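What follows is a set of notes on a single structure, which appears directly below.
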Amino acid sequence: MKDISLPQLSNARVNASGRRRSCRLTTTKICFIIAVIFVIRRLFVTRTVKSIYQQPDNSYRYNWSNLVPSNPPQWKACYGIYQCSKLLVPLDYESPEGDRAAIALIKMNSTLTPGDERHKGPLLMNPGGPGSSGVNFVMKNGRKLRKILGEGYDIVGFDPRGIGYTTPGLFPFTTRAEAGAFYAQELLSANASESAIAELLGHAQILSQIVGARAKNVAEHMSTALVAKDMLTMVETFGNGKLSYWGFSYGTVLGATFAAMFPDKINRMVLDGVVDAEDYYSGSWTESLHDADSALMDLFHTCVRIGPLLCPLYEVNASLIKERVDKLLLRVKEHPIPFFYNVVPGVREQYGLVDYSIVKFAMLQSLVKVQEDGWSLIHALAGLEKGYSEAFWRLSARVIRWEDYFSDRISCDFLEGFAGGRELGSAVACGEADPVVGDLQSLKEYYADLAKTASFAYEWTRRISCSGWKVRAKERYTGPFVANTSFPILFIGNTADPVTPLRNAHKMAKGFEGAVVLTQNSSGHGSISATSICTGDALRRYFNEGKLPKEGTVCDVESKIFPHEFSPA
C-alpha cells in the first residue's frame, strides 16, 4: 500500500511490445563513455541514493528478454542463487485463445528435495503496492524470508500484470527522463498550498489521459481479480493444487480476493499489514491512517525514554516533542530550506528545496519502516530546526524516489527498463475501484473530514488520483469477502502501523471461517518491518505444521528504533 504504497512503485520494467532503446552505431562509443561515468558517479553517492523503490544493485545483470514465456514455466538460473522463468497466461481469461501475458517469476529453491515429506512446495509472495515487484522483493529479501520460514518451501516472487519484468508492461512514458519530468511537477502533499488539491487533481487527470492514449489495453488488464486468476494458474502449473501465500499491504487485498474467489484452493495464507478490502474497492480510502499518529507518537515516546544523550529532540514528554515538530512544519511551510551539495565538484551536484510537502511526506514514509528510518528522521528534524537541510535531504532521497528517473539519462540499452510511478498503482487501484466522482469542492470536504482524525490525511492522495482516473478494468471483483476457506487464514497486524491499522486485520478476519489475528507489538508497516522471534516462530509453525497461534496472541519485538537504545535508570 508503497510500498506505503502511497505511490508504491515497481522497479525495472520491460517494454511489452519489445521496444528497446538502443544506441546507434555512430554513438556507441559516446554512450559507453557516458555509461562508465555514470557508474563512477554512483560509487560516490551510494549512501545518498538508496530509494525504497530502487531495484537491487545486481538487477541489470540478468536479461529477462532471453527467457521464452511458456506454460509450464521453464526455470533458468539467475542472480546467483535464484531461478527465473516467465509463465504464459491469457491476457483476458474470457478470451483464452487471444493475446497473452508473460508473468515474471523468481524462485529460491528449498534445500529439501521434492520427494522429502518436509518439502511443502512453492510459497508465493506479494510485497504490496499495488505496483511493487515481487521479483525484486524476493531477490532483496530471500535470505531473510528463508530464516523466518525454514527450508520447507520454495520461495516464489512474481511481478503482477503490467509491473516489473512481466510483459506486457505498463509503459506510458517513452523514456525515464519523460517520466521524471512529469513526476517532478507532482506535489507530495495536498496541503502544500491553497491550490494543491486542484493541482494534484489536474495532474491525475493528465496521467489518466496519457495512460489511456498510450497503454490503455495494458491498464485494462491489471486488476486484482485477473492477478488472482494468474495465481490459480501458477498453483495448477506447479502441480500442488492449492495456494500457499504470504502477502503484505496491498498483497492482503490480493490474498483476500483470491480466498473469496477460490476458497477451496487455500493451503496456507498469511495476510500481513492488512488493508480493508471493502474500503479499497469502494475507492473511499478512509480506513488507512487510523494508527499513523500513534506511530509518530510512539517514535516520540521512544525519544523520551532513551533520553537527551541519544535523542536530539528530547523533551520530558512526547507531547512537547510534537509541539516542536508542529512549529517546525509551520516554519518550513513559510520558509523552505535550500540544499546544495557537490558530490563530485563540476561533475555532479545535488540541490533543491526542503519544503513542507517533502518534510511531511518523508515523515509518513519513514514511519512505514520506522525501525530502519526512525532514528534518521529524528536527527533530520533536529537539523531542520537549526536551519540545516542536508540530513533531511539525504533522508528524503532514501524514502522518496528522487534519482530513479534521472540516473539513466542516456538512450542506451545497458540497463533494462526504468522505474514506474503512480501510473502503476492508479491503473490497479483506481481502475478496479468504484468510480470516484471527485470535483474540487468534494475533494476539499473529503480531506477536511479525514484531517480531523489523521494528521497525515493530506499526504494520503490516492482519493485524488482516483478522482482523475478514467481507464477502467475489464474484470473486477468487489466482494463479498466472506468464505469458508479450505484452511484457516492467519492475519497479522502491528499495534501502530501507519497505513494499515490493526483494526483492519480484525475486520477482515471476521469474514473468513476459522481465521486468527496475530498482533505484533510494534510500529511500522507489516510484521517484517521489525524483528520479532515470537512472530517468526508463529509463522514457521503455521506454514510448516499448520498450527495457528491462539486467538489474542501478542508478540513483542527485539529490534530497536535507536542504535544502542536503552532505558536510563
**Q.** region 115-126 - phi-based ³J(HN,Hα) in whole Hz, Karplus 6.51/-1.76/1.60, Gly and Pro as x
**A.** x, 6, 5, 7, 7, 9, x, x, 10, 7, 10, 9
(Q) Cβ neighbours within 10 Å, averaged per peptide: list 137-145, 448-456, 246-254, 268-276 in order, most packed at the top. (A) 246-254, 268-276, 137-145, 448-456
Q: Report, as a whole number in µm² per second, the diffusion coefficient that Stokes-Einstein gives for region 412-505 at 4 °C and 1.567 mPa s using the Kirkwood radius over alpha carbon pairs.
A: 78 µm²/s
Q) Using θ = phi - 60° and the Karplus curve 6.51 cos²θ - 1.76 cosθ + 1.60, what whole-Hz ³J(HN,Hα) does each residue of region 227-238 get, with Gly and Pro shown as x? A) 5, 4, 5, 4, 5, 5, 4, 4, 4, 5, 5, 5
Q.
Beyond a 26 Å Cα-Cα separation, which of these cross-linked pairs lie in this structure: LYS140/LYS547; LYS86/LYS474; LYS86/LYS242; LYS452/LYS507?
A. LYS140/LYS547
Q. Ranked highest first by the average count of other Cβ atoms within 10 Å around their residues, in what order do 75-85, 426-436 fall?
A. 426-436, 75-85
Q | Surface per residue (accessible, 1.4 Å probe) for region 442-569, Å² | A | 43 Å²
Q) Based on the mean of other beta carbon atoms within 10 Å per residue, what is the order of 479-485, 464-470, most packed first? A) 464-470, 479-485
Q) With θ set to phi - 60° and the Karplus curve 6.51 cos²θ - 1.76 cosθ + 1.60, what are the ³J(HN,Hα) couplings of region 470-484 in order, to the nearest whole Hz, using x for Gly and Pro? A) 10, 7, 9, 5, 6, 9, 9, 10, 10, x, x, 9, 9, 6, 9
Q: Among the lysines, select those whose C-alpha is under 20 Å from the C-alpha of LYS470, and discard any that sit fewer than 8 residues away in the same chain.
A: LYS216
(Q) At 1.4 Å probe size, with the rest of the protein present, what percent of the exposed accessible area of region 484-549 is carbon and sulfur atoms? (A) 48 percent
**Q.** Which listed pairs, of LYS76/LYS147; LYS147/LYS560; LYS322/LYS550; LYS360/LYS550, have C-alpha distances above 30 Å, in listed order
**A.** LYS322/LYS550; LYS360/LYS550
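The values are calculated or read from the model by the stated rules, or taken from the named source; none is laboratory data. Worth saying up front: this structure is predicted, and the values here are computed from it rather than measured. Using ideal geometry, Cβ is built from the backbone for each residue, glycine included, and neighbour counts are taken over all protein chains shown. Heads up: the accessible areas ignore ligands, DNA and RNA and are worked out on the full protein's heavy atoms, side chains in. Shrake-Rupley method; radii C 1.70, N 1.55, O 1.52, S 1.80 Å.
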